[in-house]
Structures are given as structure tokens and as C-alpha cells.
1. Lys and Arg at +1, Asp and Glu at -1: add these up for the other residues within a Cβ distance under 13 Å of Met148 and post the number.
2. Measure out, as a whole number of angstrom, how far apart the alpha-carbon centroids of region 144-203 and region 48-117 sit.
3. In degrees from 0 to 90, rounded to the nearest 10, what is the angle of the helix 15-31 Cα long axis to the longest principal axis of the chain?
4. Hey, if you put +1 on the Cβ of every Lys and Arg and -1 on every Asp and Glu Cβ in the chain, which of Val107, Val170, Val258 ends up farthest toward the positive end of that dipole?
5. In square angstrom, what is the accessible area per residue of the chain with a 1.4 angstrom probe?
6. Counting only protein heavy atoms and a 1.4 Å probe, tell me what percentage of the chain's accessible area is made up of carbon and sulfur.
7. Over the C-alpha atoms of region 183-295, what are the Rg and the largest Cα-to-Cα span, Dmax, in Å?
8. Using a 1.4 Å probe and counting only protein heavy atoms, arrange Ser150, Ser214, Ser181 so the residue with the most accessible area comes first.
Amino acid sequence: MPLAVATPQVTVPSGPLRHHYVVRVWAVVRLTRPWFWPLGWAGAAFGAVLATGDWLPARGDVPATIAVGLLLGPLVWTFVFALNDLHDLPSDRHNPRKSAAPLVTGVLTPADLRRCVHWSGIGAVMAAAVAGPVFVAGTAVVLVLGWMYSVPPIRLKGRPGADVAVNAVVVGVFGPLAGWSLHRPVFDYQPILVVLGLLLVTALYLPTTVMDLSADRAAGYATAAVRWSAPACYRAGLVSWAVANAVWLACCHLDVFVARDSWLVQTVAAPLLVALYAGLARRPSIPRLAVVAVAFAVPATDFLFAYARAR
């Protein structure tokens, strides 16, 4: 007589339980802010094209490229934003822009966010290991800076100037340098690109402190906008953006990176970009700043095409 074999039963959530599960998964996705991932990807792509002159990675570089994409996309941003939301709860409760945040609504708990920090940090180190020891070291620095940015007592987010510097270094320098270092030594990266990255991200970050000014002031957080005022941050951002575009345009016309007969797109785009920033950053929002960032991608792409053809 054949033996009866017990088959394990898998319970699939249904009804209200399934709805709760879907809501929590979607809350985790929103926690990671997918709309910020392209910032890391764009910087890395820029650095990679500069290093190789090719738009696509060589076959042997594909695994490392995918690992870097995961690192600079969901993994690092999850780590940073989970920490940020965890320690910004007092101000987020009084911030209309954060009223639907998963921790504010209670869809996710502080324990959920701590788990996100834990596993995204481990995942980031594992992804970095695929790309090599330089990436492991760089990722460790980024994770430490992300911790210092949000977590008391250091909490650089509440130290005017330091809050701007951390974001400018991580997004404006480490992002492009990640793409570059996949193919060439870190110290071959041109210093002028470091300056440009710092200026551009400083200009894009300063308006974000203005967006949360009232809530941060009420919670006692001394961000750049709280300490220096919204008009001062706007002027500093505009100057930083204008200087970055002027330096970029000068580099093109002086053949610093690549020689070209005409830089028409760069010449036309530079003043338009400054005017666009001046108009949209005066009353900042994430969509407005996204328009500014995407607009900058037009001359950047034109430059990369010229650079790739010259290689």
C-alpha cells in the first residue's frame, strides 16, 4: 500500500490580509523614493562614458555595471531615506508634504524602517563587492555619511553647510566617480569634474531645504534654510548653478575635455538653464527641480556624444 506523502500548503493572502500586504509593499517602495534613483544612475553613466568613450559597457563589465546600478539605485537610497524618515518623524508629522509618508500614516513602523536600513546596508556592501574593493571602500564611506546625516547626535542634516556638503559630495562626486572607477583609476578623474559636481548638486539641494522650512523650524531643526532664510538659499543656489554652467561652457570652448568645431548646443543651453533655474527654484518643489535636472541632461548628452565620437 503506497505511503501518503504530506504536501506542504502555501497560504496566499486573500481579502483584507492580501490588501494589507500589498499596501505595505507599496509603502516600502515609496519609502525608497524611486524618482531619486536616476540621480545616481545618471552620474555613474556620465562617469563611465567619460572613462571609456562608449555608451554601453563591454561584455565583461556587465555584471559589475548591474551591481553598481543596484547600489546607486534602490540600495543606497533605501538606506538613506529609511534613516532619514526614522529620525525626521517629529517634523514630518507637521509637514503637509510628508503627510502620506508610510511612517507618518502608520503603514510602516519604526521597526520596519530599521529592518530596511539593515538589509539595504548589507545589500549595498554585497553589490559593491561584485564591482571590486574600491567600491566596497566607497560604499562604506557613503553609508557612514548617510548615517551621520540623519542620526543624532552628529545629525549633519541639522548643521547648516554640512547638510549641503554631504549631499554635494555623495551625489555630485561619488556618483560620477563610481562610473569612472569601473574602468579607470580613481585618481585619474579630473578635478574640474569634482568642482562641477559639487556646484551642480549644491544648487539642486539648497531648494529642498526651503521646501520643508516651516516644518523643520517648528521641530527645531537648523537646516540651511532655517539658519540662512529661504531667499539666501535661493540666491546661493542660483549663483552655484550659474557658476557651474559658466565653468562647463568655458571647458567646452577651451577644449578642456574634447576639441570640437562648434559648441552651439552648449552655448545656447547655458543661459537658458540659468533662466530656467531662476524661475523654477524660486518656489521649489520636487517636480520643478526634476525639470531643471532633466534640462541639464540635454547639453550633457550633447557633450557626451562629441566626447564619444572623438575617442
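1. +2
2. Answer, in whole Å: 16.
3. Helix 15-31 and the main axis of the chain meet at about 30 degrees.
4. Of the listed residues, the answer is Val107.
5. That works out to 52 Å² per residue.
6. Answer for the chain: carbon and sulfur cover 71 percent of the accessible area.
7. Rg, Dmax (Cα atoms, Å): 16.4, 55.
8. Descending accessible area places them as Ser214, Ser181, Ser150.
The values are calculated or read from the model by the stated rules, or taken from the named source; none is laboratory data. These figures come from a predicted structure and were not determined experimentally. Cβ atoms come from the backbone with ideal geometry, glycine included; neighbour counts cover every protein chain shown. Just the protein is used for accessible areas: all its heavy atoms, side chains included, with ligands, DNA and RNA removed. Shrake-Rupley method; radii C 1.70, N 1.55, O 1.52, S 1.80 Å.
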